[in-house]
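J.: Input: one structure, supplied below.
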Amino acid sequence: MLLLTGATGLVGSALLRRLTAARIPVRCLVRDPRRLGAERVRVQIALGDLADPPSFRNALRGVTTVVHLAAAIRDQPRGSIEELNGIATWRMVQAAERAGVQRFVFFSALSASAHDRTRFLRAKALAEQAVTASDLEHVVVAPSIVYAPGDAFMTLLGRLALLPAVPVSGRGRATYQPIWAQDVAECVMALLAQDGASTQARYELVGPETLTYTEITERLLRAAGRPRPLVHVPTAIVSRVLRATEAILKSKAPATWDEAELMEVSMVTAAGTADARRLGVDPQRMDAVLRRAATRTG
């Protein structure tokens, strides 16, 4: 039995379809099973979430492999970024050890560091330390920005494109190697097929292009058929506006400073796509993915 957290996210939903198609027994830790869509009838359901540590025990019963994708890039009503990423992962690792889990696949992030400027990447670094310090056979997957046509970021950009110009936080010079969620899911399937045969304990997954945040934004706007000029807004102003918006709207804020600040931190690896290709996956270029998606919807 495989336990999957984050099954409704970008990578999780793509991975879940592959797992059920391969007839791998899957249990999903979810708060609302309806968000699993049609896949909910093909998996076991464990009700719970990262803010509910007692739910881990039932979710892990009889599980041999954990794929821990769930994460939070903003504070939630039931927990902070640090609690839902760092502390929750530490608790899940402990619960997995007690349950006799054999393998733990953890999704971290490129540039995660205990000294990073962003709360999310600091929390991810602490979570990664908890995984690597455990007695579990473990694999850490560290991707750059993961995207998919129609994802939350593209949806937000589509709304901003209704304006004459699209605001961009800061100078937009941070660099990324964006990778398609479907390519990431293929990499995870290859990892799981190794069944512990690999000695590599960390995989850095990136796409074939290195792009700035500005360039990514421009590509997404073109793909949506709404090219717009960009206006770079000083981060001090962005911070004040988003913090005030979040104070008023709480978890319903369309964007938060913690999310915007992540766009100031580069997430690249000098090894490029080597780890993905080692898993038999040749990540696709962003333009090709977006063109194909536009063709399907056009």
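J.: Determine if region 37-46 includes at least one residue that is free of Cβ contacts under 8 Å to residues at least 24 places away in the same chain, surrounded by 14 or more Cβ atoms within 10 Å (Cβ to Cβ) and in a loop (DSSP other than H, G, I, E, B).
T.: yes
J.: What number of residues within region 124-152 are of a type in the set (Ser, Thr, Tyr) and part of a loop (DSSP other than H, G, I, E, B)?
T.: Qualifying residue count for the region: 2.
J.: I need the full set of residues from region 263-284 which are part of a helix (DSSP H, G or I), of a type outside the set (A, V, I, L, M) and surrounded by fewer than 19 Cβ atoms within 10 Å (Cβ to Cβ), in order please.
T.: Those that are part of a helix (DSSP H, G or I), of a type outside the set (A, V, I, L, M) and surrounded by fewer than 19 Cβ atoms within 10 Å (Cβ to Cβ): Arg277, Arg278.
J.: Now a separate question. Conditions first: (1) part of a helix (DSSP H, G or I); (2) farther than 12 Å from Thr5 by Cβ. Phe56 passes all but one, so which condition is the exception?
T.: Condition not satisfied by Phe56: (2).
Matching residues to (1) free of Cβ contacts under 8 Å to residues at least 40 places away in the same chain; (2) touching a Leu at 6+ places or on another chain (Cβ under 9 Å); (3) part of a loop (DSSP other than H, G, I, E, B):
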site: Leu4; (1), (2), (3): no, yes, no
site: Leu19; (1), (2), (3): no, yes, no
site: Leu29; (1), (2), (3): no, yes, no
site: Arg61; (1), (2), (3): yes, no, yes
site: Phe104; (1), (2), (3): yes, yes, no
site: Ser111; (1), (2), (3): no, yes, yes
site: His115; (1), (2), (3): yes, no, yes
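J.: Does region 184-219 hold any residues that are modelled with pLDDT under 95, surrounded by 22 or more Cβ atoms within 10 Å (Cβ to Cβ) and more than 18 Å from Leu262 (Cα to Cα), and which are they?
T.: Within region 184-219, none qualify.
J.: Shifting gears a bit: Among Leu163, Leu192, Leu156, which is the only one that is part of a loop (DSSP other than H, G, I, E, B) and either without any contact (Cβ under 8 Å) to a residue 60 or more places away in the chain or on the phi < 0 side of the Ramachandran plot (or both)? Break it down stepwise before answering.
T.: Numbers: Leu192 fails: part of a loop (DSSP other than H, G, I, E, B); Leu156 fails: part of a loop (DSSP other than H, G, I, E, B).
Only one candidate passes the filter, namely Leu163.
J.: It is to be established whether one or more residues within region 233-244 are within 19 Å of the chain's Cα centre (by Cα) and within 30 Å of Ala165 (Cβ to Cβ).
T.: No - not one qualifying residue is present in region 233-244.
J.: Shifting gears a bit: If a residue must be within 16 Å of Pro164 (Cβ to Cβ) and of a type in the set (A, V, I, L, M), how many such residues does region 220-232 contain?
T.: 4
J.: Scan region 251-262 and tell me whether some residue there is more than 23 Å from Ala293 (Cβ to Cβ), without any contact (Cβ under 8 Å) to a residue 12 or more places away in the chain and in a helix (DSSP H, G or I).
T.: Yes, there is a match, as at least one residue in region 251-262 is more than 23 Å from Ala293 (Cβ to Cβ), without any contact (Cβ under 8 Å) to a residue 12 or more places away in the chain and in a helix (DSSP H, G or I).
The values are calculated or read from the model by the stated rules, or taken from the named source; none is laboratory data. From a predicted model like this one, the values you see are computed outputs, not experimental measurements. A quick note on method: Cβ atoms are made from the backbone with ideal geometry, for glycine too, and the neighbour counts reach across all protein chains shown.
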